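Enquirer: Before we start, here is the structure in question, set down as structure tokens.
Quick note: the coordinates plus some simple rules give every number you see, no bench work behind them. None of these values were measured; they are calculated from a predicted model. Cβ: placed from backbone, ideal geometry, glycine included. Neighbour counts: every protein chain shown.
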């Protein structure tokens, strides 16, 4: 097949909606809890999120704009990632509102205390990672110019897993019904069919 829709991103995609984040998808959601220096709680979802290292486990999310989550992760050097599932999809969406209110209260979410860090965990989320901020990197374009986006990386220092997601000690990803972000204005997905394939050698 050679008849591609090709374009240079800097010149526009010539489509009704930018396909970039629909192609790199579905993406896991970083549902990030932080606290300010004054102890104010913050909870926000980030669709540019993923795991970046195995040992030590490091996860990261990208904040477009200098939002409260970025400031808190920088100031307090810690955050909590909560697994966003289909059960809490509407609550997760409610926490994306641009507001000065406490997002936990706004979305009607109960909390659980963390063990190592100050930010609380989302009660009802079946997995949470308590993290220490390790790096914050401002992204640049190909010409070296600063972009209004920061990558926040953190080492996972405490893990909490609902035992219902474990089968013979093996974590079953599909049982949690994690929700994943697509590319359209409201595109979300649940995890699809599982298949087994082992690495050669």
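Enquirer: Kindly put 148, 68, 193, 162 in sequence by how many other C-beta atoms sit within 10 Å of each C-beta, fewest to most.
Expert: Ranking 148, 68, 193, 162 by Cβ neighbours within 10 Å, fewest first, gives 193, 148, 162, 68.
Enquirer: Here's another thing I want to ask about it. In angstroms, what radius of gyration and Dmax does the chain have, counting Cα atoms only?
Expert: Considering the chain through its Cα atoms, Rg and Dmax are 18.1, 58 Å.
Enquirer: Could I ask something else about it? Mind checking which of 94, 164, 25 has the largest fluctuation in a GNM of the chain, springs on alpha carbons under 10 Å?
Expert: 164
Enquirer: Per DSSP H run of at least 4 residues, take -39500 (n - 2.57); add these up for the chain, divide by its residues and hand me the 222 nm value, nearest 500 deg cm²/dmol.
Expert: Mean residue ellipticity at 222 nm (helix-derived): -2500 deg cm²/dmol.
Enquirer: Extension gain residue 158-residue 98, at 0.36 nm per residue separation less the Cα-Cα distance, in nm?
Expert: 18.7 nm
Enquirer: What whole number of Å gives the distance from the Cα centroid of region 130-199 to the Cα centroid of region 61-126?
Expert: The distance from the Cα centre of region 61-126 to that of region 130-199 comes to 14 Å.
Enquirer: Would you compute the Debye intensity of region 1-103 from its alpha-carbon atoms alone, equal scatterers and no solvent, and pass along log10 I(q)/I(0) at q = 0.21 Å⁻¹ to two decimals?
Expert: Log10 of I(q)/I(0), two decimals: -1.15.
Enquirer: Starting with the fewest neighbours, write out 7, 54 ranked by other beta-carbon atoms found within 10 Å of each beta-carbon.
Expert: In order of increasing Cβ crowding within 10 Å: 54, 7.
Enquirer: Give, in nm to one decimal, the length gained when the segment between residue 116 and residue 194 is fully stretched (0.36 nm per residue of separation minus the Cα-Cα distance).
Expert: Length difference between fully extended and current span is 24.7 nm.
Enquirer: Order these by the 10 Å Cβ neighbour count, fewest first: 81, 150.
Expert: In increasing order of surrounding Cβ atoms, one gets 150, 81.
Enquirer: What is the Cα coordinate range of region 100-169 on the first, second and third principal axes, sorted by size from largest, in whole angstrom?
Expert: On the principal axes, region 100-169 reaches 49, 37, 21 Å in Cα extent.
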